[in-house]
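Only one structure is covered here, and it is reproduced in the block below.
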Amino acid sequence: MEEAVAGITDPNSQERLFAAVGVVAVVTGAAATWYFDPTTSGFFPACPLYSTTGFACPGCGLTRGFHALFHGDIITALDHNALIPVVMIFFGYWFVSMFLVAVRGRGLGFGKLSLTMVMSTLFLLLVFGVLRNLPFYPFTILFP
């Protein structure tokens, strides 16, 4: 009896439970994005930056892009947001790691997250955000 009670308060079992809830939440969100078209459904949130300023943030178009990608339309997905392949790699790695935590108690190793990597990612997002808002060709292609 004590072993069963100890298993409930075990930090590893709590981590596995949270990971399982996260996996279910991600799958549910992906299914909703696949099923409902973000351009016609009213419950997907609008980008607050775009709504207030008219400027597209680096993440603008990701929901529409994932909807197109889930339906096999890669070109339209890239048209909505050109960073979707990068986002897919990060989200895919994170999702697989979270799934493995839920199943076996440990995920994929993330390695050491260096300051250079974080700053490079932020710089990439900043440059992409600026370039996609430039009002002349070829940068207008990047606007969602």
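The values are calculated or read from the model by the stated rules, or taken from the named source; none is laboratory data. Bear in mind the structure is a predicted one, so any value in this text is a computation, not a measurement. Virtual Cβ from ideal backbone geometry, glycine too; neighbours counted across all protein chains shown.
Do you know which of the residues in the stretch 86-100 that are over 10 Å from the mean Cα position of the chain (by Cα) and exposed (fewer than 14 other Cβ atoms within 10 Å of the Cβ) is nearest to Phe55 (Cα to Cα)?
Checking each candidate, the answer is Tyr93.
May I ask you to say which residue of Phe90, Phe95 is of a type outside the set (D, E, K, R), under 29 Å from Glu15 (Cα atoms), assigned to a helix (DSSP H, G or I) and modelled with pLDDT of 90 or more?
Every option except Phe95 fails the conditions.
Here is a check on your reading of the model: is Leu108 at pLDDT below 90, surrounded by 13 or more Cβ atoms within 10 Å (Cβ to Cβ) and either of a type outside the set (Lys, Arg) or touching a Lys or Arg at 6+ places or on another chain (Cβ under 9 Å) (or both)?
Criteria met by Leu108.
If you go through the stretch 50-63 one residue at a time, do you hit one that is among the small types (Gly, Ala, Ser), surrounded by 14 or more Cβ atoms within 10 Å (Cβ to Cβ) and either closer than 30 Å to Gln14 by Cα or touching a Gly at 6+ places or on another chain (Cβ under 8 Å) (or both)? Explain how you work it out, then say what you get.
Let us first name the residues in the stretch 50-63 that are among the small types (Gly, Ala, Ser), namely 51, 54, 56, 59, 61.
Of the ones still in play, those that are also surrounded by 14 or more Cβ atoms within 10 Å (Cβ to Cβ) are 56, 59, 61.
This time we only want the ones that are either closer than 30 Å to Gln14 by Cα or touching a Gly at 6+ places or on another chain (Cβ under 8 Å) (or both), so: 56.
Within the stretch 50-63, one or more residues are among the small types (Gly, Ala, Ser), surrounded by 14 or more Cβ atoms within 10 Å (Cβ to Cβ) and either closer than 30 Å to Gln14 by Cα or touching a Gly at 6+ places or on another chain (Cβ under 8 Å) (or both).
State whether the residues of the stretch 123-135 include one that is modelled with pLDDT under 85 and either out of contact with any helix residue (DSSP H, G or I) (no Cβ under 8 Å at 6 or more places or on another chain) or of a type outside the set (Ser, Thr, Tyr) (or both). Spell out the reasoning first.
First, the residues of the stretch 123-135 that are modelled with pLDDT under 85: none.
Checking the stretch 123-135: not a single residue is modelled with pLDDT under 85 and either out of contact with any helix residue (DSSP H, G or I) (no Cβ under 8 Å at 6 or more places or on another chain) or of a type outside the set (Ser, Thr, Tyr) (or both).
From the list Ser97, Ser114, Ser120, pick out the single residue that is touching a Leu at 6+ places or on another chain (Cβ under 6 Å) and among the small types (Gly, Ala, Ser).
Being touching a Leu at 6+ places or on another chain (Cβ under 6 Å) and among the small types (Gly, Ala, Ser) holds for just one of Ser97, Ser114, Ser120, which is Ser97.
Look through Thr40, Thr116 and report the one residue that is loosely packed, with under 13 Cβ neighbours inside 10 Å and either of a type in the set (A, V, I, L, M, F, W, C) or in a helix (DSSP H, G or I) (or both). Steps first, answer last, please.
Values: Thr40 fails: either of a type in the set (A, V, I, L, M, F, W, C) or in a helix (DSSP H, G or I) (or both).
Exactly one residue qualifies, and that residue is Thr116.
What is the residue count in the stretch 119-144 for residues that are surrounded by 15 or more Cβ atoms within 10 Å (Cβ to Cβ) and assigned to a loop (DSSP other than H, G, I, E, B)?
Looking only at that region, the number is 4.
Kindly establish whether Gly72 is modelled with pLDDT under 90 and assigned to a loop (DSSP other than H, G, I, E, B).
No, not satisfied.
Outside any helix (DSSP H, G or I), among the hydroxyl-bearing types (Ser, Thr, Tyr), at pLDDT 90 or above and more than 29 Å from Ala20 (Cα to Cα) - does that describe any residue in the stretch 48-69? Give the steps one after another, and end with the answer.
In the first step, residues of the stretch 48-69 are kept if they are outside any helix (DSSP H, G or I); the result is 54-61.
In the following step, the residues that additionally are among the hydroxyl-bearing types (Ser, Thr, Tyr) were identified as none.
Scanning the stretch 48-69, I find no residue that is outside any helix (DSSP H, G or I), among the hydroxyl-bearing types (Ser, Thr, Tyr), at pLDDT 90 or above and more than 29 Å from Ala20 (Cα to Cα), so the answer is no.
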